[in-house]
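Structure first, then comments.
The values are calculated or read from the model by the stated rules, or taken from the named source; none is laboratory data. These numbers were taken from a predicted model, which means no experiment stands behind them. Quick reminder, even Gly has a Cβ in these numbers, built from the backbone with ideal geometry, and neighbours come from all protein chains shown. Ligands, DNA and RNA are stripped out before the accessible areas are found, and what is left, the full protein with its side chains, is counted by its heavy atoms. Shrake-Rupley method; radii C 1.70, N 1.55, O 1.52, S 1.80 Å.
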Amino acid sequence: MIASIDTVESGLAVCLLMTAIGCLFDRHLLRACWLLVLFALLMSTAWWYLNAPWLALVEVILGSALTGGGFIYVLRTLPSQRLWMPRYDRTRVEWPHRLTKGLLIIAWSIMLGVATQFLLPDMALSLTAHPLILSSVVIVSLGMGAFALHHHLMRRLMAFNVLGSGVFLMLAGMAGTSPSAQALITVGLLIAWLGSLLGVLLLRQLVHQEGSAALNDEYAPVRPPS
Amino acid sequence: MIWRFGLYDNTFDPLWMTDWALAAVLLLPMVFGALGAVFRPSRLLPVALACLPILLAGGVMVLDYQQVGLLRWQWEVAGIELTLRLSGLSALMLLITQWTAAAVAVYTPGYLRLTLPNASVRWLWPLMGLLVSALSLIWLAADLLILYAALESMGLAAVGMLLLSGKSAALQAGMRYLLLALVGSLAFLLGVALLMSQWGTLDLIALEARVEPEPLTWVAAALIGAGLALKAALFPLHGWLTPVHENAWTPVSALHAALVIKASLYILMMLWGILLPETLFAPRLVAWLGMLAIVWGGLVAWRADSLKTLIASSTVGQLGYLMVAFPLVLGPNIAPLPLSLAWDGFWLHLMGHALAKAAMFMAAGNLIIATGESSLKALAGTSRRLPLSLLIFGMAAVTLMGLPPSAGFTAKWLLLQSMVLTQQWLAVAALLAGTLLTAAYVFRVFRYSFDETAPRHDYQPLAPGMDAVALCLAVAAFALGLLAHFPLGLLHGGGA
């Protein structure tokens, strides 16, 4: 019986991790958006599994429907032809940038790892004792790294969403799903949704006005090279 | 330390009238903000009338606090405990927030009439209401859940307001601010998650009783500190501040620099007071960064070409004074007298700066509207034509420089005394250098404005009340210094 529960949890953790990696590192933006929606649905399953059905409902509504819907809406409704939003991020990332961000991820993972070791001493004995927490630590590190690495603002916003979900999962995994923890996560989900919505609307405006989907110093052209 | 923030049990229950006042303080700004979106007031009077009940409710709460001491409210909703409390410090911050925000609100109709902004102006009032409600909630919150919710709604409202001018530079700056604020909020949440999983509570009083100095607490404090420092634009995480203020509307800049940044700093001080009592290293680090901030902010402001860049950089430097006070308030083995002096100086400087910075932004906004340009060189000849706006700028600058009789002087005097008593000579040197630099960049503004050989421009006349409101704020910053016994009395009331 216990073995079967472990299988479910491990399977969920692996699925979450794979979807997160796909969403963070896929250059095809629409596909990444759908992966984000799938990731949110998996998160909601995880909440169900952690005995937080209301949180699962909130996650389905806020995380997958509203946030994912917002991303896909902005990606689709941009005016066609001249200023169309690239469905594909062609920005090249230089190697020194990659190297520094890679080091940042490693340092960050070590810090998080140390903190979790203190919190959950049995993790020190066997890393796979809590597969969900393990995957959430990896997701947080990857999300942080992708957020720092990408130039395209939509990918950065998606990275923020994945990172946020990782943080929520870590919170629930370590602190349990008491009512206060659930309330904290709900507030976090709400804020993440509002922030992403503001972000994508702002991005649409920026693409309209400037034709770039990145901040000033890091140019990401929106038109594909002809 | 912790009683200073009012984190203890109350003796008396609040009166029923105070409950209503609390509801008014928290809800009315949002209600009136929504009404403002519908009616879009273009005159001063309706705005002033709308501010009145909110100010009255705030006054009722402070009076009740003076009579019965700490006020505390606790609810339990679906197993979640929510706690609010009104200590002397929160009462003071509430008053400053409400009056500064009211002044900004009264200033806004005239500003909007003169600058004829785009259609997005209808969002200004609801966002301003949300911002004031969230700020009031931050001063009152006594548990991490409310604190987190209020901090984030304040942050999002602030980002929204800064974007309203719609220029692409503003959008760029706003996007950067939004991304940083969102990541900062996740760092904060991660810190809260660590605390909650280790100590099992979100209530600040319970947390204070349970927390122990161990590596996990330090990691949580570091995460919370990093998130809040990012939001408070503490040096060296201040890079987003200047571009954001450069392109925003004047009332928005005034509110942001005066209050929003201070809220993050308040939370940082309170949470570190709980998590890192008597720690040596972390507050020291903040203080060293603060000394750099004083010098760096002063130098950048001194070299600035545009008026708004100058004021925004001066904010970075002025926050440095507050950072320098961190080890005096949080450090180990600080004797009661220097601790008390530093505590008073810290909050007095924070409040004086809030009033003066809001006044300065308004005066600068008036000068920019009148001359039609934002560069320092365009100020040539304004001394003859716009003496009142310049006078207000100067009065606000007196507070920033810390000359008597302003709040800045009293605050710096208290801080200096505390530093001398604890023999922190480096901090004393930074404080004095900062004063000189502030004088340098302020007098640079006046050098341009007193240029008599300038050609005559046509100046745009200002709407009624725009100078008067800024003057009131500048005078209030003076009054806070002269009548410092009232705010200091409220600050000390926490111990009664």
- prompt: Across the residues of B:70-82, average count of Cβ atoms on other protein chains within 10 Å?
  reply: 2
message: Using the Cα centre of the protein assembly as shown as the reference point, and only Cβ charges (+1 on K/R, -1 on D/E), how large is the resulting charge dipole? Debye, rounded to the nearest 20.
response: 2320 debye
Exceeding the 25 Å Cα-Cα cut-off - candidates B:262/B:412; A:101/B:308; A:101/B:262: A:101/B:308; A:101/B:262
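Is there a simple number for the mean count of other chain Cβ atoms within 10 Å of the Cβ of residues in B:206-213, and what is it?
0
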- request: Work out the length of the dipole vector of the stretch B:224-335 about its Cα centre, built from +1 on the beta-carbon of each Lys and Arg and -1 on the beta-carbon of each Asp and Glu, and round it to the nearest 20 debye.
  value: 20 debye
statement: The answer for residue B:71, listing residues at least 5 apart or on another chain whose modeled amide H is closer than 5 Å to its amide H, is B:86
query: Lys/Arg Cβ at +1, Asp/Glu Cβ at -1, dipole of the protein assembly as shown taken about the Cα centre: which of B:58, B:102, B:275 is farthest positive-ward?
result: B:102
message: Give me the percent relative contact order of the stretch B:54-137, please, defined on Cα pairs under 8 angstrom at least 6 residues apart.
response: 26 percent
- prompt: What number, in nm² with one decimal, is the all-direction average of the projected area of the convex hull of the alpha-carbon atoms of chain B?
  reply: 21.3 nm²
message: I need the helices of chain B that pass two filters: whole DSSP H segments spanning 30 Å or more by Cα along the axis, and mean Kyte-Doolittle score no lower than 0.5.
response: B:16-39, B:44-68, B:88-115, B:168-199, B:281-303, B:336-371, B:425-449
- line: Expressed in angstrom and rounded, the centroid-to-centroid distance over alpha carbons for the stretch B:420-496 and the stretch A:1-66 is 53 Å
Unit charges on C-beta of K, R, D, E only; dipole of the stretch B:279-496, Debye: 220 debye
statement: Percent relative contact order for the stretch B:279-496, counting Cα pairs under 8 Å at least six residues apart, stands at 28 percent
- line: Kirkwood calc, the stretch B:5-85, C-alpha pairs only, radius in angstrom 14.5 Å
query: Ignoring ligands, DNA and RNA, how do B:314, B:340 rank by accessible area with a 1.4 Å probe, largest first?
result: B:340, B:314
- line: Expected output for the stretch B:169-190, residues with a loss of 40 Å² or more in accessible area relative to the chain alone at probe 1.4 Å, reads B:171, B:172, B:175, B:176, B:178, B:179, B:182, B:183, B:186, B:189, B:190
query: How much mean residue ellipticity at 222 nm does chain B get from its helices, if each DSSP H run of length 4 or more adds -39500 (n - 2.57) and you divide by all residues, to the nearest 500 deg cm²/dmol?
result: -25000 deg cm²/dmol
task: Can you give me the three principal axis dimensions of the stretch B:1-149 from its C-alpha atoms, in Å, biggest first?
output: 52, 32, 29
message: Show me the trypsin sites (Lys or Arg not before Pro) within the stretch B:402-463 that DSSP assigns to loop and that have at most 15 other Cβ atoms within 10 Å of their Cβ.
response: B:456
query: Which whole-Hz couplings ³J(HN,Hα) result when phi for each residue of the stretch A:154-163 is put into the Karplus expression 6.51 cos²θ - 1.76 cosθ + 1.60, θ = phi - 60°, listed in order with x for Gly and Pro?
result: 5, 5, 5, 5, 5, 4, 4, 5, 5, 4
task: Compare the Cα positions of B:193, B:75, B:445 along the charge dipole of chain B (+1 at Cβ of Lys, Arg; -1 at Cβ of Asp, Glu; about the Cα centre) and return the one farthest towards the positive end.
output: B:445
- line: So, with points 7 Å from each Cα along the Cβ direction, the residue B:299-residue B:436 label distance in nm works out to 1.4 nm
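Chymotrypsin sites (Phe, Trp or Tyr not before Pro), restricted to the stretch B:331-405: which are DSSP loop and have at most 11 other Cβ atoms within 10 Å?
none
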- prompt: Once both labels are modelled 7 Å past Cα along the beta-carbon direction, what's the residue A:92-residue A:27 spacing in nm?
  reply: 1.1 nm
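Considering all projection directions equally, how large on average is the shadow of the alpha-carbon convex hull of the protein assembly as shown, in square nanometres? Kindly include the intermediate steps, with their values, before the conclusion.
On the way: hull surface 126.0 nm².
Its Cα hull, projected and averaged over all orientations, spans 31.5 nm².
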Within the accessible area of chain B (1.4 Å probe), percent carbon and sulfur: 70 percent
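So how much accessible surface do B and A hide from each other in total, probe 1.4 Å, in square angstrom to the nearest 100?
That pair hides around 3600 Å² of surface in total.
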statement: Regression test value, accessible area per residue of the protein assembly as shown, probe 1.4 Å, units Å², expected 38 Å²
query: Along the charge dipole of chain B, Cβ charges K/R +1 and D/E -1, which of B:15, B:429, B:288 sits furthest on the positive end?
result: B:429
- line: In vacuo Debye sum over C-alpha of the stretch B:366-496, base-10 log of normalised intensity I(q)/I(0) at q = 0.13, 0.14, 0.16, 0.18 Å⁻¹, listed in q order, is -0.68, -0.75, -0.89, -1.02
